[in-house]
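What follows is a single structure, written as structure tokens, with notes after it.
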Amino acid sequence: MPGGETVTSSSVVTAAAVAATAVGLLSASRLVRRWRRSRHLSALRSRLQAAYREAKTRFGEHINEEVRRQQLTDSEKSEILSLSTGELLSRLRAKSLDPARVLLAYQARAYEVDRDLNCVIEFLQPDLAEVNLDGPLAGLPISIKESMAVKGKYSCFGLAAFAEKPLPTEDCSTVKILRALGGVPFVRTSVPQTMMSVLSHNPIEGAVKHPTAENRSPGGSSSGEAALIAAGGSPLGLGSDIGGSIRLPAAWCGIAGFKPTSGRLSRQGQRSVSVQKLVPASWGPMGPDVASLATFMKAFCNSELHDQIDPGVPPLGFNETIYVESRPLRIGFYLYDHQFQAVPSAERAVKETVDRLASRGHTMVPWDPPIRRLNLMETYLRAVTCDGAGILDDALNGDRVSYAVKLGLHAIQVPWPGRWVRQRWCRLTGDSETEEWLRSSVPMPNVLSMWYFNQEVTSLREEFTHRWREDKLDAIICPALGCPAVDLEPKSPFNGCLSYLVLYNLFNFPAGSVPVTRVTASDVAAMSNYPLAGRLVMRQ
């Protein structure tokens, strides 16, 4: 009936108006909540910044007073700081150096370095009475990354919301064992926001600077560690690595870094943002030379405390026989991983190393890694963002987002319809970096998909291991990564050059980075004949 039709039309209009109003109110409510959260986090961030600044000022006054009181002269300080880590440790063990004066010298130096490089988040004031000075590390000062939980100390990773998390009521297993072995944790070093970045900036502490090139990044996420050690502010440090976070900053700052197999050392009590298990995290030593890394690994692996504190750690001691044997080795090497063409300086570093090892009697074997069918960066990103990077998004919700994570986050946060359009646009314009992020950061639809993905990675790892054994290799050498240090604040992504690093995270192999050479004018000139991706990275 006409009357009924009028009522029905009116009802539809009314319902639509109510629905539109509800949607509008809901959107407005979300905006208000986000605004309130943003204001709350901004206030938290300001309080943290003020607290850290005040603590550093107090520490500076304290350390200057201690230097005067204990009459630590510039010459004595210089003598201590000039010793290699091995020499320093030998003299501490022989009791020919006072560990208290060694600690004071490094505290003073670390404070000086931090004023220039902004690499320390917090200066600790260790009590040597709590340290086993008769242990193998004999009072050696050791810097630790912010992720190493210390009783009563924040681990925020540049995230204001993490300041509201409960403070740890005890040290993580790493710090406990470190003190028992005679190590002295004396500073905590800075990281990029979320630690899921290879740059060095976070909104709470700012950017860690490169120790020798002010406009370059020291790398990340163990940014502060690499910068502090390279500048002589620490004889040995501890970093963590889930995608090159020890090896990349070590390479960019010119020091040595080692990522053990995940599970080789206890991680109990360490803190992080990521909780995925497809790519297991690891932690390990960073130092001025390989000998210092070996000394640390020997002390930790031979410690009986490992088994007492964490029964999940295999009771395998450091194999001294293999470490000191002098037999000629059969070493594979490659310059190209079929993913990203390393820049000339990185290739030259491998070639020079191969020549040096060959001159010492080792057999050097050109090797083709069996990963041609693998899109390595996409596979890696898919693994670490298997939840669609939901945890990362939640951690950053309402917070100020650093440029260190923005380059990847801007792709992750694109909703599905826009993601499809943008993916095709990236393909047309040749922006393969963003396209990889867009493809890989889609959440895995179910647990079964995750199982199949894990099975695929396991199969690839087995194939890689089989080839390694078939070719009777003792070790493999390749570029540490595809490029040298980029700008402190790069304007475009450079994920591709990380493929040399993440392969060994994806497969959970031990891997290290050692300093070999520096970029020369000839390396830069050689870029003119290089692929566009490499030239863009080098330009940064």
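The values are calculated or read from the model by the stated rules, or taken from the named source; none is laboratory data. Everything numeric in this text was worked out from a predicted model, so none of it was measured. Using ideal geometry, Cβ is built from the backbone for each residue, glycine included, and neighbour counts are taken over all protein chains shown.
General remarks:
- Subset of the stretch 66-87 [more than 20 Å from residue 286 (Cβ to Cβ) and touching a Ser or Thr at 6+ places or on another chain (Cβ under 7 Å)]: none
- Condition met for residue 255 (of a type outside the set (Ser, Thr, Tyr) and either in contact with an Asp or Glu (Cβ under 7 Å, 6 or more places away or on another chain) or within 16 Å of residue 498 (Cα to Cα) (or both)): no
- Against the test of being within 8 Å of the chain's Cα centre (by Cα), closer than 22 Å to residue 271 by Cβ and in a loop (DSSP other than H, G, I, E, B), the options 240, 234, 245 yield a single qualifying residue, 245.
- Sole residue being in contact with a Ser or Thr (Cβ under 9 Å, 6 or more places away or on another chain), of a type outside the set (Phe, Trp, Tyr) and under 19 Å from residue 499 (Cβ atoms), chosen from 242, 229: 242
- Contacts under 6 angstrom Cβ, first residue in the stretch 484-501 being aromatic (Phe, Trp, Tyr), partner buried (at least 21 other Cβ atoms within 10 Å of the Cβ) and at pLDDT below 85, 6 or more apart: 494/537
- Any hit, the stretch 54-62, residues being surrounded by fewer than 18 Cβ atoms within 10 Å (Cβ to Cβ), β-branched (Val, Ile, Thr), assigned by TED's automatic domain parsing to the domain that holds residue 161 and assigned to a helix (DSSP H, G or I): yes
- The one condition in (1) touching a helix residue (DSSP H, G or I) at 6+ places or on another chain (Cβ under 6 Å); (2) in a helix (DSSP H, G or I); (3) among the aliphatic types (A, V, I, L, M) that residue 525 fails to fulfil: (1)
- From the options 138, 105, 149, residue that is outside any loop (DSSP other than H, G, I, E, B) and either at pLDDT 95 or above or touching an Asp or Glu at 6+ places or on another chain (Cβ under 8 Å) (or both): 105
- Selection count, the stretch 117-127, where residues are loosely packed, with under 15 Cβ neighbours inside 10 Å and either farther than 27 Å from residue 208 by Cβ or touching a Pro at 6+ places or on another chain (Cβ under 7 Å) (or both): 1
- Exactly one residue out of 513, 441 is at pLDDT 95 or above and surrounded by 17 or more Cβ atoms within 10 Å (Cβ to Cβ): that is 513.
Matching residues to (1) among the β-branched types (Val, Ile, Thr); (2) modelled with pLDDT under 95; (3) not assigned by TED's automatic domain parsing to the domain that holds residue 467:
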| position | (1), (2), (3) |
| --- | --- |
| 254 | no, no, yes |
| 257 | no, no, yes |
| 260 | no, no, yes |
| 271 | no, yes, yes |
| 288 | no, no, yes |
| 295 | yes, no, yes |
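A quick yes/no check of all residues on (1) within 25 Å of residue 213 (Cα to Cα); (2) touching a residue at least 12 places away in the same chain (Cβ under 8 Å); (3) buried (at least 24 other Cβ atoms within 10 Å of the Cβ):
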residue	(1), (2), (3)
244	yes, yes, yes
265	no, yes, no
279	no, yes, no
282	no, yes, yes
294	no, yes, no
298	no, yes, no
303	no, yes, no
306	no, yes, no
310	no, yes, no
